[in-house]
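Notes for the one structure printed next.
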Amino acid sequence: MRRKLAAGNWKMNGTSASLDELTALMATHPDPQVDILICPPATLVTSAVVTAADHALQIGGQDCHRNESGAHTGDISAAMLRDAGASYVLTGHSERRTDHNESDEEIRNKTKAAHAAGLIAVVCIGETLKEREAANTLDIIAGQLAGSLPDVLTAENTVIAYEPVWAIGTGKVPTTNQIGEVHDYIRSRLEQRYGAGVGTSIRILYGGSVKASNAAEIFAVSNVDGALVGGASLKASDFSPIVTALQNA
Ligand code: PEP
């Protein structure tokens, strides 16, 4: 039985005033029946951890360096995130792949660093519109899974987020058939590579323009174990109905 996960990625949004949104979210879900994760900008990780100290809500980073420490100005290591109280980190978000030219190999190294630091890595994969239109989606997904995931992992330290690049922040959402096809495919690849035990137990999130109005439909799709949500995670009033939909799924 996979525990469901509602994850929010605040991206480069939020100042200390945004912690009020965490407080409101926790007040609406005092005893959540699903895991809830918020990944604020790095500047807010410590204060978000303090804000959520008495609640099950978990805090994560949005990226980490592959090394534990060293001369990498502006970067943050997985060990530092762990030290700040984070329990998760996103790796390979499409905005990192695009803005920072991150390769699958780089993402694999970051994912290994996350595991070594005791963090749960949410490894993001997904095709561009051009790739989907060329009917290459499953090949792209297979390549990203093969390249971005380490050979050794567990269902406890790894979550996959399928995020079609063309659905992120656009309001466009794949059909439920399209989501189901990719999630079922990811599940089969995971089972093939890591064996039925681990491969069946890894959670697979869908991400890309999830909002209150489409969440229930998406959560009914097979092998969708939750969502990674960008824009609709910034306000508790938008994110809370998504958490509720996941609880009811
Ligand atoms: C994301 O940033 O991972 C994301 C899915 O964004 P949005 O929900 O805004 O499409």
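Things worth noting here:
- Scoring 63-76, 2-15 by mean Cβ neighbours within 10 Å over their residues and listing the highest first yields 2-15, 63-76.
- Under a Gaussian network description of the chain, with springs only between Cα atoms under 10 Å, the residue in Lys112, Lys130, Lys235 that fluctuates furthest is Lys130.
- Taken about its Cα centre, the stretch 114-200 carries a charge dipole of about 80 debye when Lys and Arg each add +1 at the Cβ and Asp and Glu each add -1 at the Cβ.
- Contact order normalised by residue count of the chain, Cα under 8 Å, 6+ apart, percent: 21 percent
- Length, then width, then depth: along the principal axes, the Cα atoms of the stretch 126-229 run 35, 29, 19 Å.
- Building the convex hull from the alpha-carbon atoms of the stretch 5-248 and averaging its projection over directions returns 12.0 nm².
- Percent RCO, i.e. relative contact order, over the stretch 46-121, from Cα pairs under 8 Å lying at least 6 residues apart: 34 percent
- Pairs of Lys residues in the chain are counted when their Cα atoms are under 28 angstrom apart and they lie 8 or more places apart or on different chains; the count is 17.
- Choice from Asp139, Asp225, Asp184 with maximal GNM fluctuation in the chain (Cα, 10 Å cutoff): Asp139
- Taking all pairs of distinct alpha-carbon atoms in the stretch 102-179, Kirkwood radius in angstrom: 13.4 Å
- Cα extents for the stretch 42-110 along the principal axes, largest to smallest and rounded to whole angstrom: 38, 25, 18.
- Net charge of neighbours whose Cβ lies under 11 Å from the Cβ of Ala232, counting Lys and Arg as +1 and Asp and Glu as -1: +1
No value in this document is a laboratory result; all are computed from the given coordinates. What you see is a predicted model, and the numbers here were worked out from it, not measured in a lab. All Cβ positions, even for glycine, are placed from backbone atoms using ideal geometry, and neighbour counts span all protein chains on display.
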